[in-house]
Structure formats: structure tokens, C-alpha cells
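Novice: Submitted below is the structure of interest, expressed as C-alpha cells.
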Amino acid sequence: AAIVAIIAAHYYNATVIRSDDLGTGSMFDRIAPHYDRANDFMSLGLHHGWREALIDVLDVQKTDRALDLATGTADVAILQGKRGASVLGVDPSKNMLDIGRNKITKAGLDDFVKLVEGDATSLNLNSSIYDKIT
């Protein structure tokens with residue numbers, strides 16, 4: 001297991017980390033095709049439970065309007081949508097959003113979850129209309 005972790009870390013460092021765009025939409029555009037699998041691998045699948053626990057703690061209801069910042073591939077937004085909430089997911093990475101949109105459609109949640117490209121630090125939204133912000 002340790003050898004696999006070392007190989008994975010080397011691959012991650014060699015293909016993902018570049019100081020000129022670390023944490024930006026363009027960095028996540030590059031890693032988007034591998035993002036969900038990497039989360040599964042690095043968390044040993046535990047991230048699914050963490051997300052479910054978040055939605056439970058927030059007590060997401062079908063009447064809620066939710067804003068999901070840094071939505072990525074929309075996992076948290078989808079969980080909120082499955083509870084009937086109306087969700088707006090925002091992320092700076094077009095490629096991550098494209099994957100998220102496919103997942104939303106596959107889950108049958110197009111009427112509940114919408115995704116837009118944007119930077120959470122410079123949104124022009126009225127945050128008071130949202131019941132939940134993740």
C-alpha cells in the first residue's frame with residue numbers, strides 16, 4: 001500500500017502541481033478527468049460518507065435554496081438536489097463543471113441543480129436568498 005501511495009503521489013506531483021496555476025480553474029481543468037477517481041483513491045472512498053454527513057448536518061430540505069461554492073464535479077450539489085433542494089453550483093473550472101453536468105443529468109436532477117462557471121471570491125449574487133451555502 002505504501003508503494004502505491006508513493007507512486008500515486010509522484011504521478012500527482014508530476015502531472016498536477018505547477019506553481020503558476022496551483023488552485024486555479026486551469027489547474028482543475030487539467031485534472032478534471034482524474035479528479036473523482038483520485039478522491040476515491042486518496043480517501044479510500046471515505047469522502048462519500050463525509051459528503052453525506054455534511055448534507056445530514058445541514059438538514060437539507062426540499063424547500064431549500066442552496067449555493068455550492070467550488071462545486072467541482074458537483075457531488076455535494078447532487079446530494080442536495082436528491083433531497084429536493086434547488087441548487088446553484090459555482091466553480092472556476094469548465095472541465096469540472098462539464099463532468100458535474102453529466103452526473104446531474106445521469107441522476108435526473110437537471111430541474112434541481114444548475115452549474116455556472118465563476119470564482120467564489122467575486123460572485124455577484126445575493127447570498128441572503130440561499131438557505132444553505134456549502
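Novice: Sort His47, His34 by accessible area with a 1.4 Å probe, largest first.
Specialist: Heavy-atom accessible area, descending, gives His34, His47.
Novice: Hey, another quick one. Please sort by residue number the trypsin sites (Lys or Arg not before Pro) in segment 32-89 whose DSSP state is loop and whose Cβ has at most 15 other Cβ atoms within 10 Å.
Specialist: When the trypsin sites (Lys or Arg not before Pro) of segment 32-89 are filtered for loop state and at most 15 Cβ neighbours within 10 Å, Lys62 remain.
Novice: Using a Cα-Cα cut-off of under 18 Å, which lysines could be cross-linked to Lys106, ignoring same-chain neighbours fewer than 8 residues away?
Specialist: In chain and number order, the partners are Lys82, Lys114.
Novice: Sequence-distant or interchain residues sharing an amide H contact under 5 Å with Val87, placed H: which?
Specialist: Here Ala66, Val113, Lys114 satisfy the definition.
Novice: Obtain the nm distance between the two label points defined at Ile31 and Ile129 by a simple spin-label model: each point lies 7 Å from its Cα along the Cα-to-C-beta direction.
Specialist: 3.3 nm
Novice: Using r as the Cβ-Cβ distance of Asp110 and Ser43, and R0 as 35 Å, what FRET efficiency do you calculate, to the nearest 0.05? Please report the intermediate quantities before stating the final value.
Specialist: Details: r = 28 Å, r/R0 = 0.80.
Efficiency, from the Cβ-Cβ distance: 0.80.
Novice: Oh, and also: If contacts are Cα pairs under 8 angstrom and at least 6 residues apart, what is the relative contact order of segment 50-112 in percent?
Specialist: 34 percent
Novice: Tell me, what ³J(HN,Hα) does each residue in segment 114-126 have, in order and in whole Hz, if you take phi through Karplus 6.51 cos²θ - 1.76 cosθ + 1.60 with θ = phi - 60° and put x for Gly and Pro?
Specialist: 10, 10, 9, 7, x, 9, 4, 7, 9, 7, 10, 10, 8
Novice: Given 0.36 nm per residue, what is the gain on full extension from Lys94 to Ala120 after removing their alpha carbon distance, in nm?
Specialist: 8.0 nm
Novice: For segment 73-134, with all protein chains present and a 1.4 Å probe, just round the carbon and sulfur fraction of the accessible area to a whole percent.
Specialist: 49 percent
The values are calculated or read from the model by the stated rules, or taken from the named source; none is laboratory data. As the structure is a computational prediction, the values presented were derived from the model and not from experiment. Cβ sites come from the backbone with ideal geometry, for glycine too, and all protein chains shown count toward neighbours. Accessible surface is based on the protein model in full, side chains and every heavy atom, while ligands, DNA and RNA are left aside. Shrake-Rupley method; radii C 1.70, N 1.55, O 1.52, S 1.80 Å.
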